[in-house]
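Here is the structure we will look at.
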Amino acid sequence: MSRVLTISGRLQDRHLKQLVRISRDSTVGPTALYYAGVTAPVVSASVALLARRVMIELGLTPFWQLMASAQLAALAGIAWYLIFMRWSYRHRSGRGTERSLDTEVSASEEGLSVRRGPVETRIGWEGVRRTIRGSDHLAIFIDGADALIIPDDWFGGDKAASLAFTEFVTSKVTPNGP
């Protein structure tokens, strides 16, 4: 008979933030947001100069040159900044049912099974890229799917059960991944 270890619980905001932090690898982060704030004025100034030059060529009065170039510059700067802001919110935690439904994770000789509500996902061990043991969680990185976090809270303080689950899962994952 095959050994199956099962744990379940509900993810909290702090767990999801940990998951986002450890799984983020190529998303737009704080540095990009900083540069968005720095480059938006440069984009605005460039558009203002370009628009003013066009207005001069069209023969508009200095008043209308200033008004039109200022409006176009403001719109360009705002658009530039909002694009970067949108990128920064792509990986917000808790977009699905992570916080409203319990997650059940089962580990067997065949692989992992993750069930949340009516949805069950099965992952063969060859699909698990790597695992990371944090101070209060086990993170599992899966090819072609979101990372999975199993907080120690789910074990209700049973360190032996947490250790047994972690050791079983990490023993099934090849060191260099597929």
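Each value in this text was obtained by applying a stated rule to the coordinates, not by laboratory testing. Since the model is a prediction, treat every value here as computed from it, not as a measurement. With ideal geometry, Cβ positions are generated from the backbone for all residues, glycine too; neighbour counts draw on all protein chains shown.
For residue 113 and residue 54, calculate 0.36 nm times their separation in residues minus their Cα-Cα distance, and state this gained length in nm to one decimal.
15.0 nm
Using a Förster distance of 45 angstrom, determine the FRET efficiency expected from the C-beta separation of residue 153 and residue 34, and round it to 0.05.
0.85
If packing is taken as the mean number of other Cβ atoms within 10 Å per residue, what is the order of 156-162, 69-75, highest first?
Averaged packing, sorted descending, gives the order 69-75, 156-162.
Can you sort 54, 43 from fewest to most other Cβ atoms within 10 Å of each residue's own Cβ? The partial results should precede the final answer.
Working: 54 14, 43 17.
Fewest to most other Cβ atoms nearby, the residues stand as 54, 43.
Fully extended, how many nm does the chain gain between residue 120 and residue 143 (0.36 nm per residue separation, minus their Cα-Cα distance)?
Extending this stretch completely gives an extra 6.6 nm.
Could you put 103, 170 in order, starting from the residue whose Cβ has the fewest other Cβ atoms within 10 Å?
170, 103
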